[in-house]
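First the structure, in the form of structure tokens, and then the observations on it.
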Amino acid sequence: MKLRPYLALAILGCALMLSTSSAIAQKNEQQLLRLPYKSVVDNLERDYFLYLPGGYEEKSSGNWPVLIYLHGDGERGNGKEDLDYVLGYGPLYEAWIQKRDLPFIIIVPQLHMFGRDGKDGPDYIRNRTRDAIPQRLEEGVPAHNVDMPALQMYGPMRGAVAAESQPADEYLTTTGWRRTDPDLISILDSVLLNYHADKNRVYLTGASMGGFGTWYYTSKYPEKFAASLPVVGFPSVEQAEAVARAGIPVWVFSGGRDPAVPTEYFFAGMNRMNELGATMRFTTEQDMFHDVWNRVYAGEDVYNWLLQYKKR
């Protein structure tokens with residue numbers, strides 16, 4: 001049986017449309033890459049996650065904003081098989097596990113153990129299991145972290161009085177993100193060079209240990225960032241001054257019932273930024289414990305706030 005010419009052309013056209021639609025669908029899919037780098041800490045190869053948003057392949061003009069996320073103490077590891085622990089919460093959890101359409105290239109490295117997994121390390125690291133790592137589902141999404149039972153609350157809400165002094169940062173110096181300097185900057189420079197990224201819209205955020213890391217990197221490399229969003233991590237007065245003088249907008253979060261990083265330690269740095277006329281917001285989630293990040297990253301406002309800024 002022979003097909004009439006116009007019918008054959010119609011079938012061919014449909015086939016081409018289906019093929020093109022399939023290609024577009026593949027291009028529009030979110031991508032999560034594991035990319036290697038060599039750390040200055042031990043000169044060993046480690047991996048970091050690089051998330052590419054849906055539609056990345058179609059937009060090749062180099063104007064995707066970049067969001068760097070620094071995780072907290074409990075998600076550190078060897079940068080190889082441990083890397084999946086960084087999926088526990090944060091922007092990458094929102095984009096990849098919850099399948100949200102966040103319009104960023106997202107960079108997520110993993111902090112070294114620095115001995116925190118030893119017998120003197122915290123239980124939440126020594127006793128963690130891979131069963132707790134959230135998984136991306138083929139269909140739908142798992143229950144969101146923000147809907148999980150809240151961590152134990154510590155007493156009634158009372159507000160906070162500014163502390164007269166801040167605690168020493170030896171713990172942050174010896175086991176925190178600053179010890180990996182300049183790994184993060186090397187990773188960022190590689191992404192800016194090899195991917196369709198906008199160097200004028202690079203944002204830095206982090207939670208807990210990562211919040212402190214956010215202050216460190218923003219204050220030391222202010223020329224790299226357009227805005228920053230530290231969550232439950234306060235700055236030293238010197239860091240706050242450096243960020244303010246560089247003109248980098250900052251939105252800071254603390255937890256009103258947080259015994260790990262109490263709100264009273266934030267005021268010294270935030271008041272200094274205010275004195276210097278910085279572009280800043282300071283939000284205390286009065287009803288929350290240390291897990292403020294679940295509420296912060298589940299919202300839309302923080303991402304929209306970041307996107308309004310470009311590097312000066």
*For the chain, with +1 on Lys and Arg beta carbons and -1 on Asp and Glu, the positive-most of 148, 222, 161 along the dipole*: 222
*Of 155, 176, 121, the one that fluctuates the most in a GNM where the chain has Cα springs shorter than 10 Å*: 155
_Amide hydrogen neighbours beyond the local backbone of residue 198, cut-off 5 Å, H modeled_ = 64, 66
*Total lysine pairs whose alpha carbons fall under 18 Å of each other in the chain (8 or more apart, or interchain)*: 11
*How big is the charge dipole of segment 138-259 about its Cα centre, in debye rounded to the nearest 20, if each Lys and Arg gets +1 on its Cβ and each Asp and Glu gets -1 on its Cβ?*
260 debye
*Average projected area of the Cα convex hull of segment 177-233, in nm²?*
3.6 nm²
*Separation of segment 83-105 and segment 161-197 by C-alpha centroid, Å?*
20 Å
_About the Cα centre, charge dipole magnitude for segment 71-168 (Lys/Arg +1, Asp/Glu -1 at Cβ), debye_ = 160 debye
*Quick one: among 190, 219, 228, which has the greatest mean-square fluctuation in a GNM of the chain with alpha-carbon springs under 10 angstrom?*
190
*Accessible area in square angstrom per residue, the chain, 1.4 angstrom probe*: 49 Å²
*From the backbone phi of segment 83-91, what are the Karplus-calculated ³J(HN,Hα) couplings (6.51 cos²θ - 1.76 cosθ + 1.60, θ = phi - 60°) in whole Hz, Gly and Pro given as x?*
4, 4, 4, 6, 7, x, 6, x, x
*Does segment 60-193 come out rounded, prolate or oblate, given a ≥ b ≥ c as the square roots of the eigenvalues of its C-alpha gyration tensor, rounded meaning a/c under 1.5 and, failing that, prolate meaning a/b above b/c?*
rounded
*Between rounded, prolate and oblate, where does segment 168-312 land on the alpha carbon gyration tensor, with a ≥ b ≥ c its root eigenvalues, rounded for a/c under 1.5, else prolate if a/b exceeds b/c?*
rounded
*Build a GNM of the chain with springs between Cα atoms under 10 Å: which of 154, 171, 297 gets the top mean-square fluctuation?*
171
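The values are calculated or read from the model by the stated rules, or taken from the named source; none is laboratory data. Being a predicted model, the structure only gives us computed values, none of them experimental. Virtual Cβ from ideal backbone geometry, glycine too; neighbours counted across all protein chains shown. The area values use the complete protein model at the heavy-atom level, side chains included, leaving out ligands, DNA and RNA. Shrake-Rupley method; radii C 1.70, N 1.55, O 1.52, S 1.80 Å.
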